[in-house]
Amino acid sequence: MKEQTMGERIAALRKERGLTQRELAEQMHVTDKAVSKWERNLACPDIHSLSHLADILSVSVEDLLKAAAKQATPSSRQQIFHLVFKAIPLAMGVAVVVTSLLGQLDPTSAICMLGLGMICLGLLQLQKS
């Protein structure tokens, strides 16, 4: 039997209790979008609300946390991708500022460098969704 991630565990327990995402969200005082993100492993419940969530789902906090501990960590490739695509916009911004202050940058090059940084930020956002 496949081990469940925290999101899969929350979804299964919610369904066992006959709750919709909206009903669970109302009891947790969060949005149904937050519950959806939990169940898709895009976010985790706030540490302060785990006890309340465990009570609603009739499980222990430890049961929820065990599932969280089993969640797969991002691969090295994904970690490098995120690191590079976060670093490039910063590097481009710093380069534009420094070379502008030194009077060594023309406007066309500045726009190209900043555009490259914006493309990297866009790729990061696309990868997250």
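Scan (1) under 16 Å from Leu64 (Cα atoms); (2) without any contact (Cβ under 8 Å) to a residue 12 or more places away in the chain; (3) outside any helix (DSSP H, G or I) for the single condition Pro45 breaks and write down its number.
Going through (1) under 16 Å from Leu64 (Cα atoms); (2) without any contact (Cβ under 8 Å) to a residue 12 or more places away in the chain; (3) outside any helix (DSSP H, G or I) one by one, Pro45 breaks only (2).
What's the number of the only condition in (1) in contact with a helix residue (DSSP H, G or I) (Cβ under 9 Å, 6 or more places away or on another chain); (2) more than 26 Å from Leu126 (Cβ to Cβ) that Arg40 fails to meet?
Among (1) in contact with a helix residue (DSSP H, G or I) (Cβ under 9 Å, 6 or more places away or on another chain); (2) more than 26 Å from Leu126 (Cβ to Cβ), the lone unmet condition for Arg40 is (2).
If I ask for residues that are farther than 20 Å from His48 by Cβ and not small (Gly, Ala, Ser), which ones from the stretch 11-36 would you list?
Lys15, Glu16, Arg17, Leu19, Thr20, Gln21, Arg22, Glu23
All but one of (1) more than 20 Å from the chain's Cα centre (by Cα); (2) assigned to a helix (DSSP H, G or I); (3) surrounded by fewer than 16 Cβ atoms within 10 Å (Cβ to Cβ) hold for Leu126; state the number of the condition that does not hold.
For Leu126, the exception is condition (1).
Return a yes/no flag: does the stretch 28-42 have any residue that is touching a His at 6+ places or on another chain (Cβ under 8 Å) and surrounded by 15 or more Cβ atoms within 10 Å (Cβ to Cβ).
So far as the stretch 28-42 goes, yes, one or more of its residues are touching a His at 6+ places or on another chain (Cβ under 8 Å) and surrounded by 15 or more Cβ atoms within 10 Å (Cβ to Cβ).
Just give me the residues in the stretch 1-27 being assigned to a helix (DSSP H, G or I), surrounded by 17 or more Cβ atoms within 10 Å (Cβ to Cβ) and of a type in the set (A, V, I, L, M), in sequence order.
Taking the stretch 1-27 as the starting set, the residues that turn out to be assigned to a helix (DSSP H, G or I) are 6-16, 21-27.
With surrounded by 17 or more Cβ atoms within 10 Å (Cβ to Cβ) added as a condition, the list becomes 6-11, 13-14, 21, 24-25.
Those that are assigned to a helix (DSSP H, G or I), surrounded by 17 or more Cβ atoms within 10 Å (Cβ to Cβ) and of a type in the set (A, V, I, L, M): Met6, Ile10, Ala11, Leu13, Leu24, Ala25.
Can you tell me how many residues in the stretch 2-33 are within 20 Å of the chain's Cα centre (by Cα) and of a type in the set (Asp, Glu)?
Number of matching residues: 2.
Which of the residues spanning the stretch 20-36 are under 20 Å from Val61 (Cβ atoms) and without any contact (Cβ under 8 Å) to a residue 24 or more places away in the chain?
Passing the criteria: Ala25, His29, Val30, Ala34.
Every residue, every condition in (1) more than 30 Å from Leu42 (Cβ to Cβ); (2) aliphatic (A, V, I, L, M); (3) in the same structural domain as Leu42 (by TED's automatic domain parsing), yes or no:
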{"site": "Ile80", "(1), (2), (3)": "no, yes, no"}
{"site": "Leu83", "(1), (2), (3)": "no, yes, no"}
{"site": "Met92", "(1), (2), (3)": "no, yes, no"}
{"site": "Val97", "(1), (2), (3)": "yes, yes, no"}
{"site": "Leu101", "(1), (2), (3)": "yes, yes, no"}
{"site": "Asp106", "(1), (2), (3)": "yes, no, no"}
{"site": "Ala110", "(1), (2), (3)": "yes, yes, no"}
{"site": "Leu116", "(1), (2), (3)": "no, yes, no"}
{"site": "Gly122", "(1), (2), (3)": "no, no, no"}
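The values are calculated or read from the model by the stated rules, or taken from the named source; none is laboratory data. Quick caveat, the model's predicted, so the values are computed rather than measured. Backbone-built Cβ (ideal geometry, glycine too); neighbour counts: all protein chains shown.
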